[in-house]
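Data block below; observations after.
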Amino acid sequence: MTTLPPTGLDWSELVPHLDAFAGADLSWRDGKTYAYVYDAGREVEDVGTRAFARYLFVNALDPTAFPSALALENEVVGLAARHLGGGPGAVGTFTSGGTESILCAVKAARDFGRARGLPAGGGVPQIVLPTTAHPAFHKAAWYLGLEVVAVDVDPVTFRADPAAMAAACGPRTLLLVGSAPSYAHGVVDPIRELGALAQEKGLLLHVDACVGGFLLPYFRRLGAPVPDFDLSVPGVTSISMDFHKYGFAPKGASVVVYADPALRRAQYFACADWPGYALVNPAVGSSKSAGPLAATWAVLQHVGDAGFLDLARRCLEGTRRLVDGVAALDGLRVLGTPDLCMVALAGEGGVSPFHVVDEMKLRGWFLQAQPSFRGMPASIHLSLGPENAERVDELLVDLRASVEAARGLPTGQLAAVVGQALAGLAGPPGPEDLGRLLALAGVVGGQLPERMAPIHELLDALPRPLCAAFLADFMAGLFTPGQGAPAPAPREAAAVG
């Protein structure tokens, strides 16, 4: 349907097409998906959906035209600031997600420093961050013309190393970064030590609490040993938090909060150099639906403090059962000590985590494969929510069976072949070379193989810059207009609703 129909279609005619598009999507409501979706159950989902639809066409671009969007944002950001230890002067902005929140924080740091003549010696400003920091910081630096200085983390705890980060700071450093927690391993960086470092060197410190900022305070109330991480820590100048993760709002809901209003002001863009309406953008977007904002407010009010505490309890108990279960399982081990309900599992005794992910997929589970990186082993990532936490005991049974099935499967063969292929190239690999590498991994005609372990082995074997180029070329091939449109079910057999 890359052309418009001659006449408009009724909703009953559209539903089969929409169902066909969704036919191959993850069936995340069954509690067997441990990534991408944060599910608190149908009742919470329904509240978010209704509020989203109610404000779907309200344009949050102009708060003077739509004061409801302004009122909703002030309430949501105010709640976030209090929840994250902000003082009476804390301010913030509602954004579309963690990446936009981080982009705003990095832009604010750059322009805040620029207005004060920093860096003093000139040159490209630098962000010093641990290697476990989210790629959104690299993306922000790429967009904003900054330089990233990535520092290795502790090889046992996978937390940021404050001494190593201090050594990496120089005259061009403007911003330090810590995670609460880092996504890959679910561990909180030593934010109190990083705050002291930021104060000592006169630097800004952003805490990426996108994934954990909402739930970590509840974990602490339940007795978990959560490290200090928020705006109450001296030296922390900004923090980001997603509501569409463990706040269980629909996608498109995040916030960035600043300890100082002057820092937020550096985030804003205003333009008076045209004849149209007065344009002020607090964040990256301009016109935007107030739907995600209304949905976030509604979910927060519907669930309430006691409800979130119960959801957190379910997540925490499920995580503890998973960690204890893996400790009794030969062939896998937990990396680090997770502070949130996010766990990374590495293989032991020759067991490939990539094969385990494939075996679990055959049994109906979706887990994420994570490559090795700078001394950190390849692993399996699981994000637990209140719904899939209820299935941890069942998960462990299939995990044990998957490990045994993976134990006899070959590993490392593709990496050796890829190494030989790269060594035989006269220069940097071109698109045709990447195509041959794809064929080695079983990708034919743009179609992924049933078993993804060869793909993950290929990505793991490639040098990081080449891996990034490979991923970009592969993704570009997927987004080809008119290709891959599914056929709808016959009209008489389609369920309409």
Checklist outcome for this item: Exactly one of A209, A249, A266 is surrounded by fewer than 23 Cβ atoms within 10 Å (Cβ to Cβ) and aliphatic (A, V, I, L, M), and that one is A266
Next on the checklist: Condition check: farther than 26 Å from G186 by Cα and over 20 Å from the mean Cα position of the chain (by Cα). Does G424 satisfy that?
Outcome noted: yes
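Every residue, every condition in (1) closer than 24 Å to F269 by Cβ; (2) in a loop (DSSP other than H, G, I, E, B); (3) not basic (K, R), yes or no:
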residue	(1), (2), (3)
A133	no, yes, yes
A140	yes, no, yes
V149	no, no, yes
P155	no, yes, yes
Y183	no, yes, yes
E200	no, no, yes
F214	no, yes, yes
P225	no, yes, yes
Checklist entry - Does R110 count as in a helix (DSSP H, G or I), loosely packed, with under 15 Cβ neighbours inside 10 Å and in the same structural domain as A198 (by TED's automatic domain parsing)? => result no
Checklist entry - Within segment 55-65, can you find the residues that are more than 27 Å from the chain's Cα centre (by Cα) and under 17 Å from F243 (Cβ atoms)? => result none
Item to check | Test result for T157, hydroxyl-bearing (S, T, Y), outside the structural domain of F373 (by TED's automatic domain parsing), surrounded by 15 or more Cβ atoms within 10 Å (Cβ to Cβ) and touching a strand residue (DSSP E or B) at 6+ places or on another chain (Cβ under 8 Å) | outcome: no
Checklist outcome for this item: Only one of (1) surrounded by 16 or more Cβ atoms within 10 Å (Cβ to Cβ); (2) outside any loop (DSSP other than H, G, I, E, B); (3) of a type in the set (G, A, S) does not apply to G86, and that is (2)
Item to check | Long-range neighbours under 8 Å by Cβ, at least six apart or interchain, first residue more than 18 Å from P135 (Cβ to Cβ) within segment 153-179, second in a strand (DSSP E or B) and among the polar types (S, T, N, Q) | outcome: G170/Q126; R172/Q126; T173/Q126; L174/Q126
Checklist outcome for this item: A259 passes all but one of the listed conditions (1) closer than 18 Å to E73 by Cβ; (2) small (G, A, S); (3) crowded, with 22+ Cβ neighbours inside 10 Å; the exception is number (1)
Next on the checklist: Going through L345, L309 one at a time, which residue ends up being modelled with pLDDT of 95 or more, closer than 28 Å to Y34 by Cβ and outside any helix (DSSP H, G or I)?
Outcome noted: L345
Item to check | Long-range neighbours under 7 Å by Cβ, at least six apart or interchain, first residue outside the structural domain of A389 (by TED's automatic domain parsing) and closer than 18 Å to V392 by Cα within segment 21-35, second buried (at least 18 other Cβ atoms within 10 Å of the Cβ) and aromatic (F, W, Y) | outcome: K32/W365; K32/F366; T33/F366; Y34/F366; A35/F366
Item to check | Whichever residue in segment 372-418 is of a type in the set (S, T, N, Q), farther than 25 Å from V37 by Cβ and over 25 Å from the mean Cα position of the chain (by Cα) and, among such residues, is surrounded by the fewest Cβ atoms within 10 Å (Cβ to Cβ) | outcome: Q413
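The values are calculated or read from the model by the stated rules, or taken from the named source; none is laboratory data. Please read these numbers as outputs of a predicted model, since none were measured by experiment. Cβ: placed from backbone, ideal geometry, glycine included. Neighbour counts: every protein chain shown.
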